[in-house]
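Chemist: Quick one: this structure, given as C-alpha cells, is what I'll be asking you about.
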Amino acid sequence: MAERDKIVIGALKECTSRETVEETFKLYQIADKAERVEKLNDCMGNPQTFFSSDKISPEDTYELTLQMFLTMSWKLNEIYDRMGIGA
C-alpha cells in the first residue's frame, strides 16, 4: 500500500460523520466513487459486501459502503483483533 493511501485511511479512521468523510475525500482530492469505496473498505478491514445480482451504480455502491462505515461496527472488529479474539 502506498504511503498516501495509508495517510488517507488513517484520516478516514478518525471520521465519525458523513461530513467529515466527505471533507477528507475533498482534502485528498478523491472524487472517483470507486476509489472512495476502495479507501473506505481498506479502512474497515475489507469486509465482504454482497450486492444483489442486478447491476448497482457506483453512486449506490458508494452510499452503501459509506453507511456501513458510519455504523462503526468495523471498529469493534479492530478491538477484537487487538485482544486476540476471533478469527
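Chemist: Whether any residue in the stretch 57-69 is in contact with an Asp or Glu (Cβ under 7 Å, 6 or more places away or on another chain), at pLDDT 90 or above, surrounded by 14 or more Cβ atoms within 10 Å (Cβ to Cβ) and outside any loop (DSSP other than H, G, I, E, B) is what I want to check.
Modeler: There is no residue in the stretch 57-69 that is in contact with an Asp or Glu (Cβ under 7 Å, 6 or more places away or on another chain), at pLDDT 90 or above, surrounded by 14 or more Cβ atoms within 10 Å (Cβ to Cβ) and outside any loop (DSSP other than H, G, I, E, B).
Chemist: Examine the stretch 17-24 for a residue that is under 10 Å from the mean Cα position of the chain (by Cα) and open to solvent by 20 Å² or more (accessible area, probe 1.4 Å), and state whether such a residue exists.
Modeler: Looking for residues that are under 10 Å from the mean Cα position of the chain (by Cα) and open to solvent by 20 Å² or more (accessible area, probe 1.4 Å), one finds none in the stretch 17-24, hence no.
Chemist: Where residues in the stretch 25-43 are of a type in the set (D, E, K, R) and part of a helix (DSSP H, G or I), which of them is most open to solvent (accessible area, probe 1.4 Å)? Before the answer, list the steps.
Modeler: Taking the stretch 25-43 first, the residues of a type in the set (D, E, K, R) are 26, 32-33, 35-36, 38-39, 42.
Right, trim to part of a helix (DSSP H, G or I) and you get 26, 33, 35-36, 38-39, 42.
Numbers: K26: 160, K33: 63, E35: 60, R36: 23, E38: 96, K39: 7, D42: 44 Å².
It comes out as K26.
Chemist: Right, here's the next one. Would you mind finding the one in N77, N46 that is surrounded by 12 or more Cβ atoms within 10 Å (Cβ to Cβ) and at pLDDT below 95?
Modeler: Details: N46 fails: surrounded by 12 or more Cβ atoms within 10 Å (Cβ to Cβ).
Answer to the check: N77.
The values are calculated or read from the model by the stated rules, or taken from the named source; none is laboratory data. What you see is a predicted model; the values in this text were computed from it and never measured. Note: ideal-geometry Cβ built from the backbone for every residue, glycine included; neighbour counts use all protein chains shown. These accessible areas exclude ligands, DNA and RNA; they are computed on the full protein's heavy atoms, side chains included. Shrake-Rupley method; radii C 1.70, N 1.55, O 1.52, S 1.80 Å.
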